[in-house]
Amino acid sequence: MILLGILASPLSVFAAEAEETAQPALYATFWALIPPVVAIALALITKEVYSSLFLGILVGGLLYSGFSFEGTVTHIFQGGIISVLSDSYNVGILIFLVILGAMVCMMNKAGGSAAFGRWASKRIKTRVGAELATIVLGVLIFIDDYFNCLTVGSVMRPVTDKHHVSRAKLAYLIDATAAPVCIIAPISSWAAAVSGFVEGEDGLSIFVRAIPYNFYALITIVMMVGMVLIKTEFGSMRVHEVNALKGDLYTTEGRPYADAEKEGRVNPRGRVIDLVIPIVCLVVCCVIGMIYTGGFFSGTDFVTSFSQSDASVGLTLGSSFALVLTVAFYMVRKVLSFKDCMDSIPEGFKAMVPAILILVFAWSLKSMTDSLGAAAFVENAMRSAAGGLMNILPAIIFLVGCGLAFATGTSWGTFGILIPIVVAVFEGSDPELMIISISACMAGAVCGDHCSPISDTTIMASAGAQCDHVNHVSTQLPYAMLAAAVSFVTYLVAGFVKTAWIALPVGIVLMVATLMVIRHMHPTLEEHLENETQK
């Protein structure tokens, strides 16, 4: 009641107006990065993500208001939670999530997922085959990372479950083929974002030239395929994979999507087409939606319309049309009644509630970080470091991008901060080093985003795999850090040789050699189980 009274009072309005004009005392200092550090540390320690994120938001509110009770409360809600839920882009992503949840629920009810699982099990005979099929599908769906995570998860989950691939490993495969693939695909929402940040230059041309230097994305794909082929794992992922072979796909008690698995009796009329047609409709409609927002139907060419599309509106429009087409398709096929289709909408919503909650808290935490001037702090640090470090600057930019994206949970925000700085530092002096450094910005942003528990892509991958979020983060982190270490060394090489044709092979050879060492240190999962049985 006290809180409601404070929020309802005129004082809160004046406080909000003051917030918009005044900067906090700790603006653009190291303290701007403290809220996400607190949230991430607590999430990894306590294994509880909701309270950890909220405590990070609380710390941000306290720092912003100078530890004022009223200022903290108003900033958390008005400047944070309410603000991010009022943002049209965020609302579009949430609508897309809900519609996708409803479509997945309908596909399960119609028996499409089960039929695809039966069909795939006849053709995919091994765990390696199931994991490689997941990777291939993830690479093929390069249009948008959100779309990639949820689509690949819903399609491949029955197959990987059948072959005893842990949910943590599935979430890693989904996450490692989402942002890392989108950032090297010229026709994707990510290419559009990066192109928009390179002012005064041909953004799309620079993006294409930067692809061979995007070492983190390329090395992650090499590492992912290599780990699958040599059949070994390390770190906490190994524990999850060994337990999956024994029949436990989760390892821990955290199963936030368990209700989504209780599908009851499988629809006997379900066929593979009941999964394929809705997915194809979704892909086609989302592509049309994105190019529509970019002006394709007003005369703009395809590539340009994609580069200036609005992913949030495009995905919302596309998924809405796909939902209508799917309902009509199932009614014509008579596998679901209209009532069954409508019942799937709230059920799909419920299945996505964990992902939606984490996303809202993660966005609110980013809002706290922005209000404390994290971007200005990083910009000042970068400009002061640019002096006599030109050749090793790409490696430094990669590390800064990693840290910033890890702390804020956003790749696109990191692009927006770092790329204009890099262009200003290198423009007119060393064009090739500028391309390498822009690529280092992108690679660092994707790496930090890949590692961060508060990243929307990481959250989506957990939702797509129906895996406990903290499990996904803790198992993925050692893998992402290994790829980051190899990428850092590769950027050091690239800063001096200034050609991808030398630096990239060095990075790939280094990663393959590292995988061979890991394979020598750890037996394959099958050998491990065999040794346990003999004991």
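Considering only residues that are hydroxyl-bearing (S, T, Y) and within 25 Å of F361 (Cα to Cα), which ones fall in the range 431-465? Spell out how you get there, then give the answer.
In the first step, residues of the range 431-465 are kept if they are hydroxyl-bearing (S, T, Y); the result is 437, 439, 452, 455, 457-458, 462.
The answer is S452, S455, T457, T458, S462.
Can you report the number of residues in the range 401-441 which are in contact with a helix residue (DSSP H, G or I) (Cβ under 6 Å, 6 or more places away or on another chain) and assigned to a helix (DSSP H, G or I)?
27
From the list V303, V378, V283, V332, which one is in a helix (DSSP H, G or I), under 25 Å from G153 (Cα atoms) and β-branched (V, I, T)?
Numbers: V303 fails: under 25 Å from G153 (Cα atoms); V378 fails: under 25 Å from G153 (Cα atoms); V332 fails: under 25 Å from G153 (Cα atoms).
When all the criteria are applied, what remains is V283.
Which residue pairs have Cβ atoms closer than 8 Å, lie 6 or more positions apart in sequence or on different chains, and pair a first residue in the range 482-511 that is touching a residue at least 40 places away in the same chain (Cβ under 8 Å) with a second residue that is among the polar types (S, T, N, Q) and surrounded by fewer than 22 Cβ atoms within 10 Å (Cβ to Cβ)?
That search, which allows pairs on different chains as well, returns L482/T514; V486/T514; G495/N391; F496/N391.
Which one of the conditions (1) of a type outside the set (G, A, S); (2) modelled with pLDDT of 80 or more; (3) part of a loop (DSSP other than H, G, I, E, B) does P278 fail to meet, given that it meets all the rest?
Answer for P278: the failing condition is (3).
Of the conditions (1) modelled with pLDDT under 85; (2) assigned to a helix (DSSP H, G or I); (3) closer than 28 Å to A500 by Cβ, F147 clears all except one; give me its number.
F147 satisfies all of (1) modelled with pLDDT under 85; (2) assigned to a helix (DSSP H, G or I); (3) closer than 28 Å to A500 by Cβ except (3).
Which of the following residues is of a type outside the set (D, E) and at pLDDT 85 or above: I436, I421, I417, I358? Let's see the steps before the verdict.
On the way: I421 fails: at pLDDT 85 or above; I417 fails: at pLDDT 85 or above; I358 fails: at pLDDT 85 or above.
Exactly one of I436, I421, I417, I358 is of a type outside the set (D, E) and at pLDDT 85 or above, namely I436.
State whether one or more residues within the range 343-358 are of a type outside the set (A, V, I, L, M), in a helix (DSSP H, G or I) and closer than 23 Å to T410 by Cα. Outline the logic, then answer.
Initially, the range 343-358 is screened for residues of a type outside the set (A, V, I, L, M), giving 343-344, 346-350, 354.
If we keep only those that are in a helix (DSSP H, G or I) as well, we get 343-344, 346-350, 354.
Add one more test, that the residue is closer than 23 Å to T410 by Cα, and what stays is 354.
Within the range 343-358, one or more residues are of a type outside the set (A, V, I, L, M), in a helix (DSSP H, G or I) and closer than 23 Å to T410 by Cα.
Here are G264, G203: which of them is at pLDDT below 80, farther than 30 Å from T533 by Cβ, of a type in the set (G, A, S) and within 26 Å of the chain's Cα centre (by Cα)? Can you show your working first?
Numbers: G264 fails: within 26 Å of the chain's Cα centre (by Cα).
Sole residue among the options that is at pLDDT below 80, farther than 30 Å from T533 by Cβ, of a type in the set (G, A, S) and within 26 Å of the chain's Cα centre (by Cα): G203.
For residues in the range 157-166 being open to solvent by less than 10 Å² (accessible area, probe 1.4 Å) and either in a helix (DSSP H, G or I) or not small (G, A, S) (or both), which is nearest to K246 (Cα to Cα)?
Here is the first cut: in the range 157-166, the residues open to solvent by less than 10 Å² (accessible area, probe 1.4 Å) are 159-160, 165-166.
Of the ones still in play, those that are also either in a helix (DSSP H, G or I) or not small (G, A, S) (or both) are 159-160, 165.
Working: V159: 17, T160: 14, V165: 10 Å.
It comes out as V165.
For the range 66-103, which positions are under 28 Å from G289 (Cβ atoms) and in a loop (DSSP other than H, G, I, E, B)?
Answer for the range 66-103, where residues must be under 28 Å from G289 (Cβ atoms) and in a loop (DSSP other than H, G, I, E, B): just D87.
Kindly indicate which of L42, L58 is under 22 Å from D449 (Cβ atoms), open to solvent by 20 Å² or more (accessible area, probe 1.4 Å) and of a type outside the set (D, E, K, R).
Numbers: L58 fails: under 22 Å from D449 (Cβ atoms).
None of the other options fit; the residue is L42.
Filter the range 479-507 down to the residues that are open to solvent by 10 Å² or more (accessible area, probe 1.4 Å) and in contact with a Cys (Cβ under 8 Å, 6 or more places away or on another chain), then identify the one that is farthest from M434 (Cα to Cα).
If we take residues in the range 479-507 being open to solvent by 10 Å² or more (accessible area, probe 1.4 Å) and in contact with a Cys (Cβ under 8 Å, 6 or more places away or on another chain), then M481 is farthest from M434 (Cα to Cα).
Give S68, S88, S121, S113 a once-over and let me know the one that is open to solvent by 20 Å² or more (accessible area, probe 1.4 Å) and closer than 30 Å to L245 by Cα.
Working: S68 fails: closer than 30 Å to L245 by Cα; S88 fails: closer than 30 Å to L245 by Cα; S113 fails: open to solvent by 20 Å² or more (accessible area, probe 1.4 Å).
Testing whether each residue is open to solvent by 20 Å² or more (accessible area, probe 1.4 Å) and closer than 30 Å to L245 by Cα leaves just S121.
Could you grab me the full set of residues in the range 270-290 that are open to solvent by less than 10 Å² (accessible area, probe 1.4 Å) and without any contact (Cβ under 8 Å) to a residue 40 or more places away in the chain?
Our first condition is that a residue be open to solvent by less than 10 Å² (accessible area, probe 1.4 Å); within the range 270-290, this holds for 270, 274-275, 278, 282, 286, 289-290.
Within the range 270-290, G289 is the sole residue that qualifies.
Identify, please: which residue in the range 125-144 is of a type in the set (D, E, K, R) and farther than 23 Å from G92 by Cβ and is, among those, modelled with the lowest pLDDT?
Residues of the range 125-144 that are of a type in the set (D, E, K, R), as a first pass: 125, 127, 131, 144.
So of that shortlist, the ones also farther than 23 Å from G92 by Cβ come out as 125, 127, 131.
Values: K125: 85, R127: 90, E131: 93.
Result: K125.
I'm told L63 meets every condition in (1) open to solvent by 30 Å² or more (accessible area, probe 1.4 Å); (2) part of a helix (DSSP H, G or I) except one. Can you identify the failing condition by its number?
(1)
Is the range 233-241 home to any residue that is at pLDDT 85 or above, within 28 Å of S439 (Cα to Cα), of a type in the set (K, R) and assigned to a helix (DSSP H, G or I)? Before you say what the answer is, go through the steps one by one.
Keep residues of the range 233-241 that are at pLDDT 85 or above, which gives 233-241.
Among the residues that remain, those that are also within 28 Å of S439 (Cα to Cα) are: none.
Within the range 233-241 (the criterion being at pLDDT 85 or above, within 28 Å of S439 (Cα to Cα), of a type in the set (K, R) and assigned to a helix (DSSP H, G or I)), the answer is no, since none of the residues qualifies.
The values are calculated or read from the model by the stated rules, or taken from the named source; none is laboratory data. Only a predicted model underlies this, so the values are computations on that prediction, with no experimental measurement involved. Note that we place each Cβ from the backbone using ideal geometry, even for glycine, and neighbour counts take in every protein chain shown. For accessibility, only protein heavy atoms count, side chains too; no ligands or nucleic acids. Shrake-Rupley method; radii C 1.70, N 1.55, O 1.52, S 1.80 Å.
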